[in-house]
1. Can you sort A:283, B:99, A:240, B:117 by how many other beta carbons sit within 10 Å, fewest first?
2. What fraction of the DSSP beta bridges in the protein assembly as shown is antiparallel, stated in percent and rounded to the nearest 5?
3. Relative contact order (percent) for chain A, with alpha-carbon contacts under 8 angstrom and 6 or more residues of separation?
4. Give me the percent relative contact order of the stretch A:31-131, please, defined on Cα pairs under 8 angstrom at least 6 residues apart.
5. Contact order normalised by length for the stretch A:199-306, with contacts defined as Cα pairs under 8 Å and 6 or more residues apart; what percent is it?
6. Angle check, please: helix A:72-84 long axis (alpha carbons) against the longest principal axis of chain A (alpha carbons), in degrees 0 to 90, nearest 10.
7. Work out the FRET efficiency for residue A:31 and residue A:51 from their Cβ-Cβ distance, taking R0 = 41 Å, and round it to the nearest 0.05.
8. Quick one: of the DSSP bridges fully inside chain B, what percent are antiparallel, nearest 5?
């Protein structure tokens, strides 16, 4: 009998929600588990990186990697799995776009350390300790991974074969991705597993959308009771639907929550945030410059909103310097 | 070495000289992109300019109420105002994007406006990013 294909699942700078989405495959997961040999899944099973290091190059058929690359350990594991895998799937918004943690790129590493280890009101740190990459304790050296200045998407650090968006990706698309690999019916390299159209195209609220949206005031979702069937933008609530790839199953929309953009930009668009910015301003109805500015001033943290999941892969996001990606 | 900021200038052909790619009079500035309407200037164009090394972006639009396409200049005004706020979060000062709304069909003031902006940007220094 032919050996089962080997699959690795791991998390880098991630919250674990993507692993949870895999568990949520329920019975389908058991069927997949019958067909493959899971060689790494730190959140669920006990394996050692040394087992992976001992494998032949490209011995693993598929590595599903979740999370952004934030520190030297993430980078090392990413390179290791790239070397040992035939295919690498960037799994979820963080691996694909940089994700929520990519918002940290709007401030510096020093700002983060100062706040977390010194300035936050709940911090008790009289000796002013901050994490070091190496320290001597009782004559022994202890080491920690180095936190980088910047958060990177997986594709900015290693060569990625396929991208699966979502925070987390929905079960049907996970199944599509895994089945594509198992059946050998693969999309072109670099493809994103998901529809090519914007969320608005499949949004159930689109049917009641007026021909022209005119926003006179910006409202935040927690400040108003949103109409459950009307377009959010028509109600002045910022919804990323026009600039976001569909395929999520409208899970947020169906619980009366506007789209936050976790599926990233539609195909052919590098910077969904900037495109959304243009779309939103064209919908703002104001008679004068002052009025337009007043409405725009009421948008809280626009950069954080438009780039909530995609700061690292935006036009002004930064790629990992090439010398660090070799290996 | 003296800091010489790179300014990218987008100008509307209707309000700032409908002369194609060659400007008369005072010569033409570097990095000059005449467009059919200031409304054609996308936020991604401005971001790409900064990515390519611009220190400032100047957008020359028609004066208020005089857009050939009804309100392209007004639409761009809104876009630029919101983009300036977003750029501040990226560490790029809002002064690095400037929009002028006026009428100069000969386009002979463009070179001077670029020079003026260069001077102002010189005080800011190069773009600092985290």
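Values quoted throughout were computed directly from the atomic coordinates according to the rules given, and no laboratory measurement underlies them. Computed from a prediction, not measured in an experiment: that's the story for all the values here. As a convention, Cβ positions derive from the backbone with ideal geometry for all residues, glycine included, and neighbour counts pool all protein chains shown.
1. A:283, B:99, B:117, A:240
2. 20
3. Relative contact order here is 18 percent.
4. Relative contact order for the stretch A:31-131 comes out at 21 percent.
5. With pairs under 8 Å counted, the relative contact order is 28 percent.
6. For helix A:72-84, the angle is close to 70 degrees.
7. 0.95
8. 5
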